[in-house]
Amino acid sequence: MRRHDQFSLDRPWIDHPHARELEAISRILDEEPGMAERVGQDLVRGVKNPQTGRTGMSRDQVLRVLVIKQMNGFSYEELHFHLIDSTSYRTFCRFGALEEVPSRSTVAENLKKVRAQTLEAIHRVLLKRAERERVERGRKVRIDSTVVETNIHAPRDSTLLWDAVRVLTRLLEQAAKRADLPAWRDHTKRAKRRMLAIQRAPTQEKRKPLYRDLLKVSHKVLGYARSARAALADSPQEQLRRLAFKLNDYGRLLERMIDQAQRRVLGARNSA
């Protein structure tokens, strides 16, 4: 597990814009040795005697290989290929002319030892340097994101009404187990059928009667919630008063959804 910091017969930089960029980054890494030291601490973390065993990648090499991987978004397979194939990358990563690039698995093993806390510390060092040299003030950050599938449904009028009916009915069931409530009925099955029918309806005209029935059910559930809230609001039990607060909160949301659906759908605006 010994880590060496020496490299042999380093190649000169080629005359190319990307090579000059790598040279500038290399100079920064040399001037900020604390970054490589942090990486080195991760490499020997948990090792009983890091001074024994076969020689591995140096902390500087691991840091530089990590920079190449993150700059280009390489997979480990692509990273290993470019380290072997590219003279500039080998020069940047301090693999000398007579030194073999470690195997893909060895490269991956070393890079995975670098902890998130270490990367954060390295970023802070770079940010302070950029601020010191007036390159960046560090007040804003720009990120890129990837769209991924989620189990959250689109916020359509029909699904919003269904969600509110479902939640209010669940709260009514919880309250009914602890207190006597004014008469009410569970309309969730009916509301769900109407919501699904609206999703499958091919035209706006065929959706309208389904929406009218869903709105009728929503009005009923809203009335149940208001009656239950009034019955529970002054209860000596704190748990029932909390339920009254939730019924009022979700009831107000349902009221807004009903108003929105009536204006958007029955007012001839397209919605699903």
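The values are calculated or read from the model by the stated rules, or taken from the named source; none is laboratory data. Computed from a predicted model, the values in this text were never measured in an experiment. All Cβ positions, even for glycine, are placed from backbone atoms using ideal geometry, and neighbour counts span all protein chains on display. Heavy atoms of the whole protein, side chains included, go into the accessibility calculation; ligands, DNA and RNA do not. Shrake-Rupley method; radii C 1.70, N 1.55, O 1.52, S 1.80 Å.
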*asked:* Can you pull out every residue in the stretch 223-243 that is open to solvent by 100 Å² or more (accessible area, probe 1.4 Å) and either within 24 Å of residue 157 (Cα to Cα) or modelled with pLDDT of 95 or more (or both)?
replied: 226
*In the stretch 236-244, is there at least one residue being on the phi < 0 side of the Ramachandran plot and over 38 Å from the mean Cα position of the chain (by Cα)?*
yes
*Filter result for residue 61 (out of contact with any Leu (no Cβ under 6 Å at 6 or more places or on another chain), assigned to a loop (DSSP other than H, G, I, E, B) and either at pLDDT 90 or above or more than 19 Å from residue 116 (Cβ to Cβ) (or both))*: no
*Kindly indicate whether any position in the stretch 3-16 is modelled with pLDDT under 80 and buried (at least 19 other Cβ atoms within 10 Å of the Cβ).*
yes
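In this structure, is residue 183 open to solvent by less than 50 Å² (accessible area, probe 1.4 Å) and among the small types (Gly, Ala, Ser)?
On the way: open to solvent by less than 50 Å² (accessible area, probe 1.4 Å): no; among the small types (Gly, Ala, Ser): yes.
Here the answer is no, as residue 183 does not meet what is asked.
Considering only the stretch 84-97, how many residues are open to solvent by less than 30 Å² (accessible area, probe 1.4 Å), charged (D, E, K, R) and part of a loop (DSSP other than H, G, I, E, B)? Give the steps one after another, and end with the answer.
The first filter runs over the stretch 84-97 and keeps only residues open to solvent by less than 30 Å² (accessible area, probe 1.4 Å), leaving 86, 88-93, 95-96.
Then keep just the ones that are charged (D, E, K, R); that gives 90.
So of that shortlist, the ones also part of a loop (DSSP other than H, G, I, E, B) come out as none.
Of the residues in that region, 0 qualify.
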*asked:* Can you tell me which residue is farthest from residue 62 (Cα to Cα) among those in the stretch 98-152 that are modelled with pLDDT under 75 and open to solvent by less than 90 Å² (accessible area, probe 1.4 Å)?
replied: 150
*Does the stretch 196-242 hold any residues that are polar (S, T, N, Q) and part of a helix (DSSP H, G or I), and which are they?*
199, 204, 218, 227, 239
_Hits in the stretch 244-259 - residues which are of a type outside the set (Asp, Glu) and either open to solvent by 10 Å² or more (accessible area, probe 1.4 Å) or outside any helix (DSSP H, G or I) (or both)_ = 245, 246, 248, 250, 252, 253, 256, 257
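When you check residue 129 against the structure, is it in a helix (DSSP H, G or I), over 31 Å from the mean Cα position of the chain (by Cα) and among the basic types (Lys, Arg), yes or no? Let's see the steps before the verdict.
Numbers: in a helix (DSSP H, G or I): yes; over 31 Å from the mean Cα position of the chain (by Cα): no; among the basic types (Lys, Arg): yes.
The answer is no for residue 129.
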_Every residue from the stretch 166-180 that is open to solvent by less than 30 Å² (accessible area, probe 1.4 Å) and over 12 Å from residue 231 (Cα atoms)_ = 167, 168, 169, 171
_For residue 210, only one of the following conditions fails: (1) of a type outside the set (Asp, Glu); (2) within 22 Å of residue 158 (Cβ to Cβ); (3) touching a Leu at 6+ places or on another chain (Cβ under 8 Å). What is its number?_
(3)
